[in-house]
Amino acid sequence: MFERVIAIGFILGCLVQGNAQSSYPGSAVSPRYSGAQWLGWDEVKRDLFVFAYIDGYKRGVSDACLAGDRLFDFKNGAVPEHSKDEIPYPSTLCRENSGEYSKCKVGAPEGTSCAAYTDTITAFYTQHPEYRSIPFEYLMQFLTDKEHKSADELYSTAKSGMMRTNW
């Protein structure tokens, strides 16, 4: 049991670490990932980005969490001294501890509206231009259902050093 908990923690740690310390090609002032690019997009492009990010995130979480089941060969009865009723699948524990993004509204006039995310990122870049070098992909990890920060909270997080601000 302890080995399973350690492995699940490792998998989740890899997911979070990958999000938190992703490196981006190009120089630190590359407009490719900057707030300037985000602000140059219209709402449709912003919604498309957020929708695609969330879709990719969900697929990545699913694949990583299912790897926990395969890692322990859990489906083939490799559960020593316990019944499967007593121990949740590693993938279940993994999913319970991953972030959710449920604030996009499907069926909006233009398809999908992700304003709960796009408005926050837009306000952050507009109100705090000194932080436009922070990639918008990186900001998404602070907008999960559990953590969903406002633009001002993103600013406080950046200012306090709790968020990476240089690329």
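The values are calculated or read from the model by the stated rules, or taken from the named source; none is laboratory data. Just so it is clear, the model here is predicted, and its values are computed rather than measured. Cβ coordinates were reconstructed from backbone atoms using ideal geometry, including for glycine residues, and neighbour counts include every protein chain displayed.
Scanning the range 140-167 for residues that are surrounded by 13 or more Cβ atoms within 10 Å (Cβ to Cβ) and in contact (Cβ under 8 Å) with a residue 40 or more places away in the chain yields M140, Q141, L143, T144, H148, R164, W167.
Within the range 102-111, the presence of at least one residue that is part of a loop (DSSP other than H, G, I, E, B), exposed (fewer than 13 other Cβ atoms within 10 Å of the Cβ) and either at pLDDT below 75 or acidic (D, E) (or both) is confirmed.
If the requirement is being of a type outside the set (A, V, I, L, M), at negative phi and either in contact with a strand residue (DSSP E or B) (Cβ under 7 Å, 6 or more places away or on another chain) or at pLDDT 60 or above (or both), which of these qualifies: G99, G18?
On the way: G18 fails: either in contact with a strand residue (DSSP E or B) (Cβ under 7 Å, 6 or more places away or on another chain) or at pLDDT 60 or above (or both).
Checking each option against the conditions leaves just G99.
For the range 128-141, the set of residues classified as over 16 Å from the mean Cα position of the chain (by Cα) and either of a type in the set (K, R) or assigned to a loop (DSSP other than H, G, I, E, B) (or both) consists of H128, R132, S133, listed by residue number. Any chance the range 117-132 includes a residue that's under 24 Å from D42 (Cβ atoms) and either basic (K, R) or modelled with pLDDT under 95 (or both)? Taking every residue of the range 117-132 in turn, at least one turns out to be under 24 Å from D42 (Cβ atoms) and either basic (K, R) or modelled with pLDDT under 95 (or both).
Here D119 meets the list (1) touching a residue at least 40 places away in the same chain (Cβ under 8 Å); (2) outside any loop (DSSP other than H, G, I, E, B) almost entirely, failing just condition (1).
Filter the range 142-158 down to the residues that are assigned to a helix (DSSP H, G or I) and farther than 13 Å from Q127 by Cβ and list them by number.
Of everything in the range 142-158, those that are assigned to a helix (DSSP H, G or I) and farther than 13 Å from Q127 by Cβ turn out to be F142, T157.
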